[in-house]
Amino acid sequence: MITLNGLKRAVRLGSYACLVFGLCFALCLPAQAGVLVAALPPGNAVTDPRSLLRLALPFENDSIRQVQRSIEDITPQIRARRWSAINGDVAKATTTLSRHKDEILASVPESRRSQATELIDKISTGLTDLKSITEAKDGERLNEKKNEVLDTIGTLEASMVEKFPYEVPKAYDTFPQLKGRATVAIETSKGTLTVVADGYSAPVTAGNFVDLVQRGFYNGLPFTRSEESYVLQTGDPQGPEVGFVDPTSGKYRSIPMEILVQGDKVPFYGSTLEEAGRYLDNPVLPFSAYGAVAMAPPDTDPNGASSQFFFFLFEPELTPAGRNLLDGRYAVFGYVVSGQEVLGEIKEGDKIVSAKVVDGLENFVKPKVA
C-alpha cells in the first residue's frame, strides 16, 4: 500500500490542530514570548513553482535576489490593485539593478558575461515597461510583463551557476543522477504537462526520474490515483512489481530518501526529516506549489521509492503557508511549470501517452557499474 493512503485526513487534522493550538498559546502569552509566536506558519510562503525553482538555484548574489523579490512582490499587489505599492517595487528593483550591475556581472563566469550583459539590459528595459504599464493601471498586461521579466531574471541567475555545487555521496554512484536541471514534457490523455526536475536539490531522485523517462518506462502507464485537491499518482507498472526492475540486473531499483534542507550544503539522505528529529527544518523544494512532483514510496519504507510519483494538487488548508505535514516526509524533485490546468482534468484511468526530456539531458549522468 502506498503510504500516501490515509494521510490526507491526518494532514488536514494535524494542520488545523497545530494552527489552533499555536494560536491559542500565542494569544494567551505576553508579547515577549517570541519563540512560540515565531513558530506559527508565516503568511508569505512562496507558492509559484517558477519562483521556487529560481530560489533553489545554487548561487550567491544578493543584488539579483533583491531585484527578483521586488518584482515577485508585485503579484499580490496586482490582485489588490495597489498601484502605488507596485510602482514602489518597480522603482526599488530598477535602483538595485542600476547600482549593482557590475556586482551582478561579477557573479557570472567570464565566458557567459556577454550574454549576461544582454540579459541585464533586457531586464532593465522590462522594468521601464513595467513602470509605464503600472501608470496605465493595466493589470493584465502588468502580470504578463512581470512574468516575462522574472523569466529573464531566472535565466540570468541560472547563468551564475558554473558547476554542480557538491559531491553526491559515493554510496549512490550506482544510481543515475541529474547534476543540474532537466525539462520533461509529459503528454497525457487529457493534455500536456511540463515538469522541471531539479537535480541541484535532488540529484539522485531527479536522476532516477529522468532515467525512467529516457527508457520510455512511463509511456502508456495509467494514473492509478486521483483525489481532487490532493494528489494525482502514476508510475505503477503492469504486473506484480510496484516499481522499476532493472532489466540488466533483474533487481528492483529503490532510491534513498533525499531532501535538501535550507541552509545545508548537501541533501539529507536515508530517512524522513521527522525520523531524524529535523521536523522543523524547511526543504529547499517544499509542497507549497500546485503541481509539486514527489516520489511515492511503497509501504512505510522512505527508501523504497522506485518509479511511482505523484503530483500534489495544492489545497491551502492542507498546507499552511510555509509549513505542512508533507514537507520532509516525501521527496519533492520538481514542479509542473506549465499545463497546471491539465492536472485538474486527469482522473484515475487516464494515461501518460509519452514522456520526453526536452531540455537538460546534458546534465544526466548514467550510473556507474557496481
- Task: Please state which one of Ser189, Ser132 is of a type in the set (Gly, Ala, Ser), under 27 Å from Arg82 (Cα atoms) and more than 20 Å from the chain's Cα centre (by Cα).
- Result: Ser132
- Checking Leu127 against (1) closer than 30 Å to Val353 by Cβ; (2) over 20 Å from the mean Cα position of the chain (by Cα); (3) aliphatic (A, V, I, L, M), the condition it does not meet: (1)
- Can you name the residue in the range 273-307 that is of a type in the set (Val, Ile, Thr) and modelled with pLDDT of 95 or more and, of all such residues, is farthest from Glu167 (Cα to Cα)? Val293
- Message: So, Gly344, is that one modelled with pLDDT under 95, under 20 Å from the mean Cα position of the chain (by Cα) and not acidic (Asp, Glu) or not?
- Response: yes
- Kindly indicate whether Gly199 is over 16 Å from the mean Cα position of the chain (by Cα), of a type in the set (Gly, Ala, Ser) and either open to solvent by less than 10 Å² (accessible area, probe 1.4 Å) or over 16 Å from Pro176 (Cβ atoms) (or both). no
- Query: Out of (1) out of contact with any Pro (no Cβ under 7 Å at 6 or more places or on another chain); (2) within 27 Å of Phe164 (Cα to Cα); (3) surrounded by 21 or more Cβ atoms within 10 Å (Cβ to Cβ), what's the single condition that is false for Met257?
  - Reply: (1)
- What strands (runs of 3 or more DSSP E) completely inside the range 145-261 contain at least 1 residues that are within 24 Å of Leu273 (Cβ to Cβ) and of a type in the set (A, V, I, L, M)? 191-198, 231-234
- Message: Within the range 342-363, take every residue that is part of a strand (DSSP E or B) and in contact with a helix residue (DSSP H, G or I) (Cβ under 8 Å, 6 or more places away or on another chain) and give me the one that is surrounded by the fewest Cβ atoms within 10 Å (Cβ to Cβ).
- Response: Lys356
- Item | Any hit, the range 208-224, residues being out of contact with any strand residue (DSSP E or B) (no Cβ under 9 Å at 6 or more places or on another chain), open to solvent by 40 Å² or more (accessible area, probe 1.4 Å) and modelled with pLDDT of 95 or more | yes
- Query: Which residue pairs have Cβ atoms under 9 Å apart, sit 6 or more places apart or on different chains, and have a first residue in the range 354-370 that is within 14 Å of Gly180 (Cβ to Cβ) and a second that is open to solvent by 50 Å² or more (accessible area, probe 1.4 Å) and part of a helix (DSSP H, G or I)?
  - Reply: Val357/Gln214; Leu361/Gln214; Phe364/Gln214
- Task: Would you be able to tell me the number of residues in the range 148-163 that are under 22 Å from Phe364 (Cβ atoms) and hydrophobic (A, V, I, L, M, F, W, C)?
- Result: 3
- Over the range 273-307, the set of residues free of Cβ contacts under 8 Å to residues at least 60 places away in the same chain, touching a Phe, Trp or Tyr at 6+ places or on another chain (Cβ under 8 Å) and open to solvent by less than 50 Å² (accessible area, probe 1.4 Å) is Leu273, Ala276, Phe287, Ala294
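The values are calculated or read from the model by the stated rules, or taken from the named source; none is laboratory data. Keep in mind that what you see is a predicted model, and the values were worked out from it rather than measured. Cβ atoms come from the backbone with ideal geometry, glycine included; neighbour counts cover every protein chain shown. Areas reflect the complete protein model, heavy atoms only, side chains present, ligands, DNA and RNA absent. Shrake-Rupley method; radii C 1.70, N 1.55, O 1.52, S 1.80 Å.
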